[in-house]
Structure formats: structure tokens, C-alpha cells
1. Residue under question is residue 234, and the condition is that it be of a type in the set (A, V, I, L, M, F, W, C), surrounded by 13 or more Cβ atoms within 10 Å (Cβ to Cβ) and modelled with pLDDT of 85 or more; does it hold?
2. Within region 1-51, which residues are under 22 Å from residue 197 (Cα atoms), hydroxyl-bearing (Ser, Thr, Tyr) and assigned to a helix (DSSP H, G or I)?
3. Identify all residues within region 134-144 that are assigned to a helix (DSSP H, G or I) and either buried (at least 17 other Cβ atoms within 10 Å of the Cβ) or under 21 Å from the mean Cα position of the chain (by Cα) (or both); write none if there are none.
4. Considering only residues that are more than 17 Å from the chain's Cα centre (by Cα) and part of a helix (DSSP H, G or I), which ones fall in region 116-129?
5. Among what's in region 106-133 and is at pLDDT below 90 and within 26 Å of residue 151 (Cα to Cα), pick the residue that is surrounded by the fewest Cβ atoms within 10 Å (Cβ to Cβ).
6. Could you run through region 34-58 and say how many residues are surrounded by fewer than 20 Cβ atoms within 10 Å (Cβ to Cβ) and under 24 Å from residue 229 (Cβ atoms)?
7. From the list 75, 66, 18, 45, which residue is at pLDDT 95 or above and of a type outside the set (Lys, Arg)?
Amino acid sequence: MTIVQSIIISIVEGITEFIPISSTGHMIIAEKFLGIKEDEFTKMFTVAIQLGAILAVVVLYWKKFFDFKNLHFYFKLIIGVIPAIILGLFLSDKIDEMMGSTLVVALAILIGGIILIFIDRFFKNPTIQSEKQVTYSKSFTIGIWQCLAMIPGMSRSAASIIGGMQQKLTRSAAAEFSFFLAVPTMVAATGYKLFKHYTHDGGFTGEEIKLLVIGNIVAFVVALLAIKFFIDFLKKHGFRVWGIYRVAVGLILLILIFTGYIQQ
């Protein structure tokens with residue numbers, strides 16, 4: 001992976017992390033088109049730079065994250081991230097295997113798109129307007145929904161937002177809670193991936209460290225711009241347009257796969 005390739009992948013991550021179209025899926029697709037060699041570092045890079053994008057949430061919502069008088073907020077996030085930590089540890093190798101499959105990504109994007117087209121009809125009459133109304137049990141349930149994102153192409157934000165709406169959160173409240181929950185989730189996932197790469201894959205070269213630093217900085221800056229756009233767009237238009245986009249992308253990918261233009 002070159003510096004230019006890492007910047008392109010990081011821009012894709014920053015744009016797509018908070019939009020329910022799957023940042024991991026789009027990064028995998030971008031890597032295929034850029035001809036980036038699939039190896040352990042590439043798989044780790046795809047996860048690690050998501051932390052840079054997620055840290056944009058901490059900056060934009062810094063009053064929330066550094067309000068140490070509101071301990072309930074932190075406990076909710078800890079409870080919400082438990083399902084992902086447990087399943088992530090047990091399914092790490094399987095997740096890595098699926099990340100190498102463009103077919104899995106294409107199908108996940110397509111199926112997720114169909115769900116998003118109709119999602120606003122499924123969950124009507126929300127009663128929860130903000131994170132303060134989210135109980136511990138609801139936080140844990142949303143965390144379970146988030147685990148669907150372990151399937152590359154499904155989208156972490158889509159899974160957790162759908163989980164939030166299923167728990168009676170409004171669209172905007174579900175989106176914001178999804179952002180909050182992403183912070184401990186990606187800190188845990190990135191920390192595990194970095195530790196695993198360091199201990200099992202021979203550590204980091206100077207070039208790899210440079211790519212990770214550049215990637216996280218680019219993803220962070222781009223994500224700062226993307227978050228506000230998504231919240232405003234979501235309030236006005238809902239999920240249907242993202243669902244249509246996902247269905248179109250999923251179908252195009254399947255055509256490219258079965259005609260041999262992209263490897264499965």
C-alpha cells in the first residue's frame with residue numbers, strides 16, 4: 001500500500017463511517033479497484049483507521065464525553081459495547097476471512113439496502129428523544145444489534161441505528177447514540193487489531209506506522225465534515241435514499257463479480 005492509496009482509503013472511511021452504507025465494505029471495494037495487495041496489514045489498516053474517524057465524534061460532542069458528572073453516560077456505553085467485545089474475540093478469525101470476500105460484502109450491502117428502504121415504516125411512533133432516556137437494557141440491546149456489523153458490508157452505523165429505532169429512539173437520537181457507542185467499540189477493535197498485528201505478525205515497520213498515522217489523520221478530518229451532513233440529511237430525508245444507493249451498489253458489485261471483473 002502506498003501513501004496515496006492509504007489517503008484514498010482513509011477519505012472513503014471518513015465519508016462513509018457515519019453514513020449507513022458500510023465504511024468497511026466501501027474500503028474493501030476501493031482496495032480491490034486500487035489493486036492493493038490483500039495481506040494482514042491491509043486488513044488491520046481497514047479497521048485501525050476507523051478509530052481516527054470515530055474520534056471526530058469525541059471532538060464534536062466533547063461536552064458529552066467529558067461531562068464526568070454524568071457517569072450514567074459512560075456506563076451505558078460500556079454495557080453497549082460488551083456484546084461486540086465478546087463476539088469479536090470469538091469470531092475474529094472468521095471476520096478476517098469474510099473481509100477478504102467481495103461476495104460477502106456485495107450481499108451484505110444489498111440486503112442492508114433493502115432493509116433501509118423500508119426501515120422508516122417498520123419503527124413508527126418513537127418515544128425516546130435523547131441519550132438521557134436510553135436505559136441500560138436498551139443500550140445492551142442496541143449493542144447486540146451493532147454486532148451485525150461484524151459482517152463486512154452490513155454497516156456498523158446502520159445496524160446500531162436500526163437497533164436504536166427498534167428500541168423506540170427517534171432517527172436523530174438513534175444516530176447520535178450510534179456515534180457515541182462507536183467510540184468504545186472502535187477503541188476496543190483497533191486496540192485488539194494493533195496488539196494482534198504486533199504480537200502475531202512480526203510487529204510494525206516504519207512504513208506501516210507512517211501509513212497508519214496518515215490514514216487516521218485523514219479519516220479524522222474528513223469525518224468531522226461528514227457527521228453534521230449526515231445528521232441534517234437524516235432529519236430531512238430518512239434512510240430511503242441510502243437504501244436505494246446500497247441496493248444499486250450491491251447489484252453492480254454482484255454483476256462485476258459474476259462477470260469476472262472483480263474477484264470473489
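1. Details: of a type in the set (A, V, I, L, M, F, W, C): yes; surrounded by 13 or more Cβ atoms within 10 Å (Cβ to Cβ): yes; modelled with pLDDT of 85 or more: no.
So residue 234 fails the test.
2. 6, 10, 23, 24, 42, 46
3. Going residue by residue through region 134-144, those that are assigned to a helix (DSSP H, G or I) are 136-144.
Those that are assigned to a helix (DSSP H, G or I) and either buried (at least 17 other Cβ atoms within 10 Å of the Cβ) or under 21 Å from the mean Cα position of the chain (by Cα) (or both): 138, 139, 140, 141, 142, 143, 144.
4. Step one: filter region 116-129 for residues more than 17 Å from the chain's Cα centre (by Cα), giving 117-129.
Within region 116-129, 117, 118, 119, 120, 121, 122 meet the criteria.
5. 121
6. Qualifying residue count, region 34-58: 2.
7. Values: 66 fails: at pLDDT 95 or above; 18 fails: at pLDDT 95 or above; 45 fails: at pLDDT 95 or above.
So the residue among 75, 66, 18, 45 that is at pLDDT 95 or above and of a type outside the set (Lys, Arg) is 75.
The values are calculated or read from the model by the stated rules, or taken from the named source; none is laboratory data. Because the structure is predicted, anything quoted here is derived from the model rather than measured. Positions of Cβ are backbone-derived with ideal geometry, glycine not excepted, and every protein chain shown enters the neighbour counts.
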